[in-house]
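Chemist: Once you've had a glance at the structure underneath, I'll fire off some questions.
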């Protein structure tokens, strides 16, 4: 689901930027910021996954589902994830201003669309009814640590938290019979 989520956002942003700026080509890519050889792609908006954490407020959801009037299925509960995603503008020299323009457009897009309901992606929209997106506040120290860990120089960027990405194994791990009232043979 992580791949579908980030791919969906990439496609939405490419569509938005193409319409807003009459662009012939995609500007948003889902990629490592720094390649293994140390190079960085130019003139692109690069989306990359920085961190994953679990949404703890939804951790205790039950995983028993009613199969029929006399049995329940038991499966592992879903895990709800928060994805911390960087949107970096890698435009150099004379195109630096262009990168800032795209960054402003992306921030504006997510400000307008804080909750996105996926359409056109059957594999994705069958699992979620919505995802929410929020801009993360980071301190200078945190930004310095992030850029050091990534191994790149500071670029114009925005860090967003994308909630709730649901990962669930649909395998049934057991069947539980319902409780039957012995006096009336009624299922409860």
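The values are calculated or read from the model by the stated rules, or taken from the named source; none is laboratory data. As the structure is a prediction and not an experimental result, all values here were calculated from the model. So basically every Cβ, Gly included, is an ideal-geometry build from the backbone, and we count neighbours across all protein chains shown.
Chemist: For the stretch 61-81, check the following and say yes or no: at least one residue is in contact with a strand residue (DSSP E or B) (Cβ under 8 Å, 6 or more places away or on another chain), within 20 Å of residue 11 (Cα to Cα) and modelled with pLDDT under 95.
Modeler: The answer is no; no qualifying residue exists.
Chemist: Can you tell me how many residues in the stretch 77-100 are surrounded by 16 or more Cβ atoms within 10 Å (Cβ to Cβ) and over 26 Å from residue 149 (Cβ atoms)?
Modeler: Here the count works out to 1.
Chemist: Additional query: Condition first: within 18 Å of the chain's Cα centre (by Cα), assigned to a loop (DSSP other than H, G, I, E, B) and at pLDDT below 90. Now tell me which residues in the stretch 92-121 satisfy that.
Modeler: 117, 118, 119, 120, 121
Chemist: If you scan the stretch 11-38, which residues turn out to be part of a loop (DSSP other than H, G, I, E, B) and within 11 Å of residue 90 (Cβ to Cβ)?
Modeler: Correct list: 27, 31, 33, 34.
Chemist: How many residues does the stretch 20-57 contain that are loosely packed, with under 10 Cβ neighbours inside 10 Å and within 20 Å of residue 97 (Cβ to Cβ)?
Modeler: 3
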